[in-house]
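The values are calculated or read from the model by the stated rules, or taken from the named source; none is laboratory data. Model, not experiment: these values are computed from the prediction. Here Cβ is always computed from backbone atoms with ideal geometry, including for glycine, and neighbour counts include all displayed protein chains.
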Amino acid sequence: MAGVVLAGLASTGWGADLSRGPHKIELVDISDEQRRILDQTFDQMKALQPAQLGIDGRLYRRLTRFETLFGKPFNGADLEQWVLARFRKILYGNIALAAINQNQGDLIVSDLFFHDISPLERLYLLVHEARHSDDDGYPHVRCPKDFPFVSAAQPRQALDQALACDATTDGAYAFQAALLFELFAYGLFDQKNVGLIYNSTVARILRPTK
Ligand SMILES: [Zn+2]
């Protein structure tokens with residue numbers, strides 16, 4: 001009985017929501033500071049705008065995949081809504097990764113997410129995790145035995161045979177890469193850094209786009 005009462009208190013007393021536009025996401029065990037970081041991250045996402053292309057137009061048209069994948073042209077306000085629609089809850093948890101999407105929309109975030117990764121990494125990670133809410137979740141496949149790439153963000157993790165690759169061109173890494181490509185093309189954030197992360201992300205997609 002006591003458990004029922006406590007559960008009732010927890011849901012009304014601590015149960016905070018992240019309300020942004022039409023979307024309301026339940027926050028579980030998220031501190032005020034963590035909530036501020038989440039809000040800042042979504043503010044930053046919403047503010048993304050295409051401006052002057054910082055790369056050759058032909059190269060842009062050849063490699064852009066944003067509209068094909070997301071269904072709308074690159075625009076922060078639409079991207080924010082696309083991401084928010086794919087999360088039901090955001091929960092704080094003690095996990096080894098920065099973030100993991102469980103049960104198609106329950107996003108668990110750790111201290112790594114809030115304190116060890118950059119604002120840019122938080123942006124593309126949210127897009128990556130959001131894609132795991134669609135369809136069958138687009139689970140990763142093992143990278144090949146002879147995979148020549150390293151994990152720049154997690155240098156201690158060897159990628160050969162790790163579940164850190166995609167076998168299709170419409171999974172979480174494809175969506176992450178599509179966002180990174182727009183950020184690179186429009187020179188948002190540090191262009192060289194974004195370009196390197198884009199390349200590294202594309203390396204995780206085992207079947208290249210035709
Ligand atoms: Zn993933």
(request) Please specify each residue of region 116-171 satisfying the condition of being part of a helix (DSSP H, G or I) and at pLDDT below 95. (result) Asp116
(request) Go through region 56-76 and give me each residue that's small (Gly, Ala, Ser) and assigned to a loop (DSSP other than H, G, I, E, B). (result) Gly71
(message) So, in region 172-210, how many residues would count as being modelled with pLDDT of 95 or more and in contact with a strand residue (DSSP E or B) (Cβ under 9 Å, 6 or more places away or on another chain)?
(response) 8
(request) Return the total of residues in region 122-149 being of a type in the set (Asp, Glu), surrounded by fewer than 17 Cβ atoms within 10 Å (Cβ to Cβ) and under 25 Å from Glu182 (Cα atoms). (result) 2
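Applying the selection to region 84-115, what residues are part of a helix (DSSP H, G or I), more than 14 Å from the ligand (Cβ to nearest atom) and surrounded by 15 or more Cβ atoms within 10 Å (Cβ to Cβ)?
Leu84, Leu112, Phe114
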